[in-house]
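Notes for the one structure printed next.
The values are calculated or read from the model by the stated rules, or taken from the named source; none is laboratory data. Here the structure is a predicted model, which means the values were calculated and not measured. Counting neighbours? That spans all protein chains shown, and the Cβs are built from the backbone with ideal geometry, glycine included.
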Amino acid sequence: MAPQILIHCTSCGSSMLLAAHTLERPFAIPDEQPNDSFAVGIACRSCKSVRRYFLQFRHAENDLLGEEHEAEAQNEDTILVNTLGCEVDDCRFLLPLFAQWNPQATAEDRLADIQTWRWEGLRCPEGHPIPKPKPW
């Protein structure tokens, strides 16, 4: 099994174990990175809050787990849902947004779940709001 990244929701404290290779994929091509801070958006399965997290190895809220934790990996698929833009037109910050679902979840199940997400407080590093995409 591939390495996982453990992130604790900043809203409810729930643990989220996500596939590292999926989270890192948007940053694989240096000239096409969505942002230079290795930031991603993640929707919490428990409280439905969408928050920004940083993938730096030593970030206080993130731990890249080793092999001894791989057997504990969750069964959800980590999916790149969208890339979000800042509300300010001249801000070039883009935030890849990820979520996790059961592999058997249909597109309709996922869309219904997305409708329950809480978007309040999602901001770029400059403090500008990142709005909920439309037509969601």
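With the condition kept exactly as written, say whether any residue in region 80-94 is of a type in the set (Gly, Ala, Ser) and over 15 Å from residue 35 (Cα atoms). So far as region 80-94 goes, no, none of its residues is of a type in the set (Gly, Ala, Ser) and over 15 Å from residue 35 (Cα atoms).
Could you go through region 26-33 and let me know if any residue there is surrounded by 13 or more Cβ atoms within 10 Å (Cβ to Cβ) and part of a strand (DSSP E or B). Scanning region 26-33, I find no residue that is surrounded by 13 or more Cβ atoms within 10 Å (Cβ to Cβ) and part of a strand (DSSP E or B), so the answer is no. Out of curiosity, is residue 109 over 18 Å from the mean Cα position of the chain (by Cα) and either closer than 19 Å to residue 9 by Cα or in a helix (DSSP H, G or I) (or both)? Spelling it out, residue 109 is indeed over 18 Å from the mean Cα position of the chain (by Cα) and either closer than 19 Å to residue 9 by Cα or in a helix (DSSP H, G or I) (or both). Beta carbons closer than 9 Å, at least 6 apart along the sequence or on distinct chains, pair a first residue in region 12-25 that is touching a residue at least 24 places away in the same chain (Cβ under 8 Å) with a second that is assigned to a helix (DSSP H, G or I) and of a type outside the set (A, V, I, L, M, F, W, C) for 17/69; 17/72. For region 1-58, taking the residues that are closer than 12 Å to residue 99 by Cα and polar (S, T, N, Q), the one that is farthest from the chain's Cα centre (by Cα) is identified as 46. Contact map, region 27-38: first residue in contact (Cβ under 8 Å) with a residue 40 or more places away in the chain, second residue part of a helix (DSSP H, G or I) and of a type outside the set (Val, Ile, Thr), Cβ cut-off under 6 Å, separation 6 or more or different chains; pairs are 34/26. Could you look through region 66-84, keep only residues that are within 16 Å of residue 98 (Cβ to Cβ) and in contact with a Leu (Cβ under 8 Å, 6 or more places away or on another chain), and pick out the one that is modelled with the lowest pLDDT? Checking each candidate, the answer is 73.
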